[in-house]
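Presented below is the structure to which this report refers.
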Amino acid sequence: MAADRSRLLFVTDLAYPAKGRRYCDEDIFLTSRLREDFDLALCHPLDAPALVDSPGFDAVVVRNSGPVLHHQAAYDAFRDRATGRGIPVCTQLTGKGDQAGKQYLVDLTAQGFPVIPTVDRPEDLGLLPRAAEYVVKPKLGADSIGLEFVPPERLRDLAYDDGPGVLVQPRVDFRYEVSFYYVDHTFQYALYAPSPDRRWHLERYEPTPADLDFAARFIDWNDIDHGIQRVDACRAPDGGLLLVELEDLNPYLSLDLLDDATRDAFVGSFKASLHRLLGRS
């Protein structure tokens, strides 16, 4: 390892079988480019707690490591150790979005943000707009694990207080989903799924100023200084955007769908963010 280069511990699960995505290809590419500026070693999320404070690493990068619920105890141990010892982590571990579960969707609904209306208590069901079906998902869910569609008559019979609880949303007949990708507070690119039933068949999307104002509102709310975030939204029937998810833990980036110039610009922004995190710019 070169003495004048920062050293990164890169957390990834190259074998995770993501639906419609190839985690391994994305992280193999990303690490190949990060090696231009940094010395790095890859580790599985189950090994991260033991390695996070190993001598020689200057920071930790958490990337495509799969849903945390598959290794919750290891992730909690990793967070506790990194936070307790002041180890720089990218993405920053203070995120209020998916890093902390899905409670933020309930909170943002109550605060009047443009999100899919979300409640987590039976007494609040009347706050939701009427719908033929409702989406029910666990607060600690990911990758649609545990998601189900239920008719209105079943809503009051749900186990709201069972474990971390569930969220309830109206099933929105949206036109398409669109994702906005950020490094720190800087917008990088947008992709969308023209067909609502093919979430990961994505194409480039040219956002309008109003679209960017929408996405930036959630980036500003989350207040992360360094890291990668993905704002997932849907285009509602009235033409407006509604937040679906604020992914601030390990968002898949779909780098393989970008043209060379956009992909190079993203990598450059990510490198610059890491250099700032490490105090080298």
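The values are calculated or read from the model by the stated rules, or taken from the named source; none is laboratory data. Here the structure is a predicted model, which is why all the values come from computation and not from measurement. Using ideal geometry, Cβ is built from the backbone for each residue, glycine included, and neighbour counts are taken over all protein chains shown. Areas reflect the complete protein model, heavy atoms only, side chains present, ligands, DNA and RNA absent. Shrake-Rupley method; radii C 1.70, N 1.55, O 1.52, S 1.80 Å.
Tell me the angle of helix 23-34 to the major Cα principal axis of the chain, expressed in degrees between 0 and 90 and rounded to the nearest ten.
40 degrees
If you put +1 on each Lys and Arg Cβ and -1 on each Asp and Glu Cβ, how big is the dipole of the chain around its Cα centre, in Debye rounded to 20?
Dipole magnitude for the chain comes out near 220 debye.
Could you grab the relative contact order for segment 93-152? Cα pairs under 8 Å, six or more apart, rounded to a whole percent. Can you show the working numbers first?
Details: 58 pairs, mean separation 14.8, N = 60.
Rounded, it is 25 percent for segment 93-152.
Carbon and sulfur atoms: what percent of the 1.4 Å accessible area of the chain do they account for?
Working: 6530 of 12780 Å².
Answer for the chain is 51 percent, counting heavy atoms of protein chains only.
Please list the three semi-axes, largest first and in whole Å, of the ellipsoid equivalent to the chain, using sqrt of 5 times the eigenvalues of its alpha carbon gyration tensor. Before the final figure, lay out each step's value.
Numbers: eigenvalues 221, 96, 53 Å².
For the chain, the ellipsoid semi-axes come out as 33, 22, 16 Å.
Per 10 Å bin, what is the whole-percent P(r) computed from every C-alpha pair distance within segment 102-218?
12, 37, 35, 14, 1
Please work out the average accessible area per residue across segment 1-114, using the 1.4 Å probe convention, and give it in Å². Each step should come with its number before you reach the end.
Working: 5030 Å² over 114 residues.
The answer is 44 Å² per residue.
Of LYS139, LYS96, LYS19, which has the largest mean-square fluctuation in a 10 Å C-alpha GNM of the chain?
Fluctuation is largest for LYS19.
Counting C-alpha atoms alone, how compact is segment 175-229: give Rg to one decimal and Dmax as a whole number, in angstrom.
When restricted to Cα atoms, segment 175-229 yields Rg and Dmax of 11.9, 34 Å.
Sort largest first and round to whole Å: the equivalent ellipsoid semi-axes of segment 152-191, each the square root of five times a Cα gyration tensor eigenvalue.
Values: eigenvalues 228, 58, 5 Å².
Square roots of five times the eigenvalues give 34, 17, 5 Å.
Could you name the lysines whose alpha carbon sits less than 18 Å from that of LYS139, not counting residues in the same chain fewer than 8 places away?
Partners within reach: LYS96, LYS102.
Only Cα pairs under 8 Å and at least 6 apart count here; give the relative contact order of the chain as a rounded whole percent. Mind showing how you got there, number by number?
Values: 508 pairs, mean separation 50.8, N = 281.
Relative contact order, the chain: 18 percent.
Out of residues 5 or more away from TYR205 or on other chains, whose amide H comes under 5 Å of its own, with H placed 1.01 Å from N in the peptide plane?
The list, which skips near neighbours in sequence, is ALA190, LEU191, TYR192.
In a solvent-free Debye calculation with one equal scatterer on each Cα, what is log10 I(q)/I(0) for segment 26-112 at q = 0.26 Å⁻¹, listed in the order of the q values?
The calculated log intensity ratios at q = 0.26 Å⁻¹ are -1.43.
Using a 1.4 Å probe, what is the accessible area per residue for segment 234-281, in Å²? Mind dumping the intermediate values first?
Numbers: 1860 Å² over 48 residues.
With the other protein chains kept in place, segment 234-281 gives 39 Å² per residue.
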